[in-house]
Amino acid sequence: MRNFLLNYCPYLIFLIVICEAILLYCFIKDYQSNKKEMSFYLILLTAGLLYDASILALGFFLKEGTILKTLSYFRYIFHSLLIPLLLLICGEALNLDSNKKKLIRIITFILMLIGLIASLIMKIEPSYFAGITRYVSSDTNPKWAEKFRSVSNVALIIPVIVIGLMKKKYYFFLAGFLMFFFSALAPITGNFDLIFFISMIGELLMILFFYLHLKKNN
């Protein structure tokens, strides 16, 4: 499996880009028909993941330089702003009253702000893998920023899993569980160089099952 991923990683990333573009279109159509807030949040989240995957796909063509570095820098900014939307998605799944939704929005805004600061001060450097040039976080970045990014990426998935189980929303549960599973899969198997790609598979499955959850509850 590792050799397969190494040999076909760029092509698989292009496939992920296509799949995420299709899902983004589906979320837009869903929002146009029902105007649900969850659909709107999922449009933003999917657009961010699509941008992320597209820049990685561009790394197959573009080499180290200002253009790819700038585009990659925005990858981290968008990621820090959009991943906290998972809390708002959870709030919609719980059908909370306006006061509780307001509290979740405040918490989400605080996480976005901290994530944005962490992204703005970070330095990135080129890395090369399976024919792809991508920019990764530098070892010189502040430890708190790196810790916040890594912890928040995992912690924000947990409410999705818990709510899915509590409310017996199994597509919702699978969205969180598969994202969590694929995020942990690379470290568990020792394939640290494949973390970015295996996590992308988890992201695709996450938004796929969010879409299935939406369709089931329309």
Pair-distance profile P(r), taking every C-alpha pair of region 8-114, with 10 angstrom steps and integer %:
14, 36, 32, 15, 3
Difference of contour (0.36 nm per residue) and Cα-Cα distance, Asn34 to Cys19:
3.1 nm
For region 56-193, the count of lysine pairs 8 or more apart or interchain whose alpha-carbon atoms are under 24 Å apart comes to 14
Round to a whole angstrom and tell me the spacing of the C-alpha centers of region 115-172 and region 4-60.
17 Å
Nearby aspartates and glutamates by direct alpha-carbon distance to Lys215 (threshold 20 angstrom, same-chain neighbours under 8 apart not counted):
Glu20, Asp30, Glu37, Glu92, Glu203
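Give me the one-decimal Kirkwood hydrodynamic radius in Å for region 65-147, with the sum taken over alpha-carbon pairs.
Values: mean 1/r = 0.0691 Å⁻¹.
For region 65-147, the Kirkwood estimate is 14.5 Å.
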Remind me, relative contact order of the chain in percent, using alpha carbon pairs under 8 angstrom and six or more residues apart?
20 percent
Debye intensity ratio in log₁₀ form over the Cα atoms of region 94-188, taken at each q of 0.14, 0.22, 0.24, 0.25 Å⁻¹
-0.74, -1.19, -1.23, -1.24
Kindly provide the Kirkwood hydrodynamic radius of the chain in Å, to one decimal, from all pairs of distinct alpha carbon atoms.
17.9 Å
Sorting Phe148, Tyr31, Pro187 by the position of each Cα along the dipole of the chain (Lys, Arg +1; Asp, Glu -1; all at Cβ), the one nearest the positive end of that ordering is Tyr31
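Rule-based calculations on the coordinates, nothing more; no lab input. The model shown is predicted, which means the values in this text are computed figures rather than measured ones. Because the Cβ atoms are built from the backbone with ideal geometry, glycine has one as well, and the counts that use them run over all protein chains shown.
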